[in-house]
1. In this structure, does A173 turn out to be within 16 Å of the ligand (Cβ to nearest atom), more than 19 Å from W244 (Cα to Cα), in contact with an Asp or Glu (Cβ under 6 Å, 6 or more places away or on another chain) and open to solvent by less than 10 Å² (accessible area, probe 1.4 Å)?
2. For the stretch 121-128, indicate whether the set of residues that are open to solvent by 30 Å² or more (accessible area, probe 1.4 Å), part of a loop (DSSP other than H, G, I, E, B) and without any contact (Cβ under 8 Å) to a residue 40 or more places away in the chain is non-empty.
3. Hand me the list of strands (runs of 3 or more DSSP E) wholly inside the stretch 313-407 holding 2 or more residues that are more than 16 Å from the ligand (Cβ to nearest atom).
4. Checking V41 against (1) under 22 Å from the mean Cα position of the chain (by Cα); (2) open to solvent by 20 Å² or more (accessible area, probe 1.4 Å): exactly one of these is not met. Which one?
5. In the set D342, D392, D322, which member is surrounded by 15 or more Cβ atoms within 10 Å (Cβ to Cβ), more than 19 Å from the chain's Cα centre (by Cα) and acidic (D, E)?
6. Tell me whether the stretch 296-303 contains one or more residues that are surrounded by 13 or more Cβ atoms within 10 Å (Cβ to Cβ), of a type in the set (S, T, N, Q), in contact with a helix residue (DSSP H, G or I) (Cβ under 8 Å, 6 or more places away or on another chain) and at pLDDT 95 or above.
7. On the given criteria, is E98 within 16 Å of the ligand (Cβ to nearest atom), crowded, with 18+ Cβ neighbours inside 10 Å and over 21 Å from A191 (Cα atoms)?
Amino acid sequence: MANHKKISDARKDFPLLDQMVNGKPLVYLDNAATMQKPHEVIDTVTEVYTKYNSNIHRGTHHLSNVCTEAFEEARIKIQKFINAGYSHEIIFTRGTTESVNLVANTFGDAFLKEGDEVIISELEHHSNIVPWQLLRERKGIELKVIPITEEGELNMEVFHSLLSDRTALVAIAHVSNALGTINPIKEIISAAHAKDIPVLIDGAQAVHHFPVDVTELDCDFYAFSGHKLYGPTGIGVLYGKEKWLNKMPPWQGGGEMIKSVTFEKTTFNELPFKFEAGTPHYAGAIGLGKAIDYLTSYQWDEIINFEKELLDYATEKLLSVDGLKIYGTAKNKSSVISFLVDGIHPYDMGVMLDKMGIAVRTGHHCAQPVMDKFGIPGTVRASFAIYNTKEDIDKLVEGVIKIKSIF
Ligand code: PMP
């Protein structure tokens, strides 16, 4: 059996965590916004720039070949990580946002027409709402929104009733960043496919919490970001089924995405390069490959159980605070807790926690419709990663109690 690392040893791999903030040891609980990076990822990116930085593809010289090989190896690691059928189904983008925009601008512009409907949900991140609204402006499509329940779960009855002959695409988050809800995407994909409707999944909050198998899910597109996966910023992934990617027109034009260019006519490169115009963020891609090596050096069961333990512990402790309400109480939840304390604005809570060295996110979390649903301005959000501890949660709860006593 492979030798897996122990999660209890993870914290020491993250150099940033070992620092004082406002005179207190940092407690980093803003992981849903971005994760910290292990040494191995930082060292890998440094190694690219110190040892073999060179523009990739078409190079005849040594450095270019080394860099190209490392970049394409990263693509294969990602393919295996999400169990895609082919490495050319992995398109490097800047992140989830760019991946969704790519689909809206290519699939959307080429295949959707006036009156067609795209189904999204009330818990989407703005990056899975606005690109479809922009498409609505361009093409006259309609948006249909699956409402959420008081617990923050999708109303699946309404979802099923929204599927119709006019539905051209379903675009849904795997996990809500604001509430932590894990959506029943398998059921969504099967129901949509039964009517030949393709499905895009926004996996920004999923891929680092549990294994994702795009072949088993059978989704048509799956988007995620490197920086939420213990990897570098500025790099992300769009997985797309070959059958769609081949049919879709390119999005951005430039170098790398062409086969030949004359002023009369340009022919486009094959997959995946057709969608990777310009010099890609190869250092980021190589770093992302290393982040995947790092994450998969732990056992998924251990990650899932560990994060569940932190979630349960934090939920229980926070709920013991008088006047504290948790938003997002779905049965199936990832390690994200959104909450409010009676009479305390989330922004004030965030600023005061920061004075204690505790980093949480406050506000609408780029999910304003979720806040509107609950009639609140925003929440305080604590989100956990493999390097967090129960002591981090104790400090958060102590901080919340202290702030409450001041108000
Ligand atoms: N979708 C979800 C569910 C997210 O949590 C985020 C990031 N907060 C995004 C999309 C956008 O990701 P990025 O900013 O990395 O493009």
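1. On the way: within 16 Å of the ligand (Cβ to nearest atom): yes; more than 19 Å from W244 (Cα to Cα): yes; in contact with an Asp or Glu (Cβ under 6 Å, 6 or more places away or on another chain): yes; open to solvent by less than 10 Å² (accessible area, probe 1.4 Å): yes.
Judged against the criteria, A173 is a match.
2. Applying the first criterion (open to solvent by 30 Å² or more (accessible area, probe 1.4 Å)) to the stretch 121-128 yields 122, 125-126.
Within this subset, residues satisfying the condition of being part of a loop (DSSP other than H, G, I, E, B) are 122, 125.
Okay, now just the ones that are also without any contact (Cβ under 8 Å) to a residue 40 or more places away in the chain, so none.
So far as the stretch 121-128 goes, no, none of its residues is open to solvent by 30 Å² or more (accessible area, probe 1.4 Å), part of a loop (DSSP other than H, G, I, E, B) and without any contact (Cβ under 8 Å) to a residue 40 or more places away in the chain.
3. On the way: elements: 324-327, 336-341, 361-363, 379-383.
By residue number, 324-327, 336-341.
4. (2)
5. On the way: D342 fails: surrounded by 15 or more Cβ atoms within 10 Å (Cβ to Cβ); D322 fails: surrounded by 15 or more Cβ atoms within 10 Å (Cβ to Cβ).
The match here is D392.
6. Residues of the stretch 296-303 that are surrounded by 13 or more Cβ atoms within 10 Å (Cβ to Cβ), as a first pass: 296-300, 302-303.
From what is left, the residues that are of a type in the set (S, T, N, Q) are 296-297, 299.
This time we only want the ones that are in contact with a helix residue (DSSP H, G or I) (Cβ under 8 Å, 6 or more places away or on another chain), so: 296.
Next cut, at pLDDT 95 or above only: 296.
For the stretch 296-303, residues surrounded by 13 or more Cβ atoms within 10 Å (Cβ to Cβ), of a type in the set (S, T, N, Q), in contact with a helix residue (DSSP H, G or I) (Cβ under 8 Å, 6 or more places away or on another chain) and at pLDDT 95 or above: present.
7. yes
The values are calculated or read from the model by the stated rules, or taken from the named source; none is laboratory data. All of these numbers come straight from a predicted model, not from anything done at the bench. Note that we place each Cβ from the backbone using ideal geometry, even for glycine, and neighbour counts take in every protein chain shown. For the accessible areas, the whole protein counts, side chains as well, though only heavy atoms, and no ligand, DNA or RNA atoms are used. Shrake-Rupley method; radii C 1.70, N 1.55, O 1.52, S 1.80 Å.
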